Amino acid sequence: MPALPTSWIRSPLRALRRRLGAVAHDETDCADSVRQYFRNKAATQGYTLSLGQLQIIEHMATQAARLESGQARSLYLHGAVGRGKSWLLDGFFQALPHTHKRRLHFHDFFARLHQGMFEHRHQDDALACTLDQLLEACQVLCFDEFHVHDIGDAMLITRLFQALFARRIFVLVTSNYAPEGLLPNPLYHQRFKPVINLINSQMQVLQVDGEQDYRSLPNAASQQRFTQGHYLCPGSPEQRQALRLPLLGEVSIPLQVGKRELQARLIRQDTVGFDFAQLCEQPTAVIDYLELARRFDHWILDGLPCLEQCSIAEQQRFINLVDVLYDQDKHLVLIGAAPLDESLQGMASDLARTRSRLGQLRQIG
């Protein structure tokens with residue numbers, strides 16, 4: 001057999017080198033675009049990035065560069081409230097030159113997951129069918145405010161994470177809790193260990209720390225509609241008139257939300273008003289708040305009590321409601337009889353996040 005000409009061998013090698021060089025160039029560009037996006041975003045908003053944030057951004061840039069090759073390792077960011085976790089997640093999502101990406105608040109995704117599994121309950125694998133419907137061709141999934149307090153949810157989350165990793169979807173999660181702090185109830189924590197182990201083995205766990213609460217910065221409120229809202233105490237007629245608040249009716253107004261009928265005190269174009277009791281002392285759910293947030297941009301919530309006098313279930317509904325309004329960036333006027341700090345005392349696990357978010361409202365009283 002005659003020897004192959006060296007040019008025959010060199011040609012495919014050159015082509016391979018060119019392809020590898022192009023891939024390396026694309027990966028470098030992707031990483032640089034993430035770094036540059038955060039530099040520009042911080043400069044525009046007047047922030048000075050901390051060393052800890054710069055380290056997180058570098059981890060993000062590294063994993064962004066590995067997405068196309070399928071070698072990226074998912075990221076789990078945790079830390080105290082107001083340390084910029086959501087800011088980092090949003091920046092990463094916006095910086096990615098990637099079309100197959102989704103950014104969801106965990107409440108939103110989990111509500112859709114429950115609904116989809118109910119709709120597909122007669123299928124052999126309701127979870128797989130639901131994920132096919134929710135994620136389609138998604139390759140990057142960003143979850144904000146991940147937490148677990150219910151053992152029923154915990155079992156489903158275990159299956160969810162197993163399915164996401166099996167599909168090789170890159171997952172970026174933010175949480176107030178380190179993985180070991182999820183589902184802290186000692187009665188159930190041990191049963192949640194499999195997903196904690198899964199997170200630790202499949203994801204790079206990074207702490208977002210620092211002394212600065214970024215929500216307390218003077219210019220933080222200029223970035224969102226939510227933070228243009230107000231807290232009124234005690235909600236006198238003069239205070240309401242000063243904000244030109246519409247009067248809440250004395251008679252409740254039926255409001256159809258999905259298959260449930262809620263009672264409101266005001267419905268006017270894109271504005272809705274409720275008493276605290278109507279939303280949080282009734283068995284309402286996150287999926288109800290999400291549906292209402294899709295329909296109304298301006299919210300009035302009257303009659304906020306001191307939460308420590310409420311049941312844990314009522315406190316948790318209020319926490320969930322504030323989470324949805326904050327994430328969906330809705331304008332809120334909250335009215336209570338006591339100063340905000342006094343009203344937000346309670347035993348529910350996530351009240352620290354709620355205090356931080358509502359602390360951005362302009363307080364009148």
Mind checking which residues of the stretch 284-336 are within 21 Å of A352 (Cα to Cα), part of a helix (DSSP H, G or I) and either over 17 Å from the mean Cα position of the chain (by Cα) or among the basic types (K, R) (or both)? L307, E308, Q309, I312, A313, E314, Q315, R317
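So, G303, is that one on the phi > 0 side of the Ramachandran plot and without any contact (Cβ under 8 Å) to a residue 60 or more places away in the chain or not?
Spelling it out, G303 is indeed on the phi > 0 side of the Ramachandran plot and without any contact (Cβ under 8 Å) to a residue 60 or more places away in the chain.
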Which listed residue is charged (D, E, K, R) and open to solvent by 40 Å² or more (accessible area, probe 1.4 Å), from R317, R353: R317
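The values are calculated or read from the model by the stated rules, or taken from the named source; none is laboratory data. Computed from a predicted model, the values in this text were never measured in an experiment. Positions of Cβ are backbone-derived with ideal geometry, glycine not excepted, and every protein chain shown enters the neighbour counts. For accessibility, only protein heavy atoms count, side chains too; no ligands or nucleic acids. Shrake-Rupley method; radii C 1.70, N 1.55, O 1.52, S 1.80 Å.
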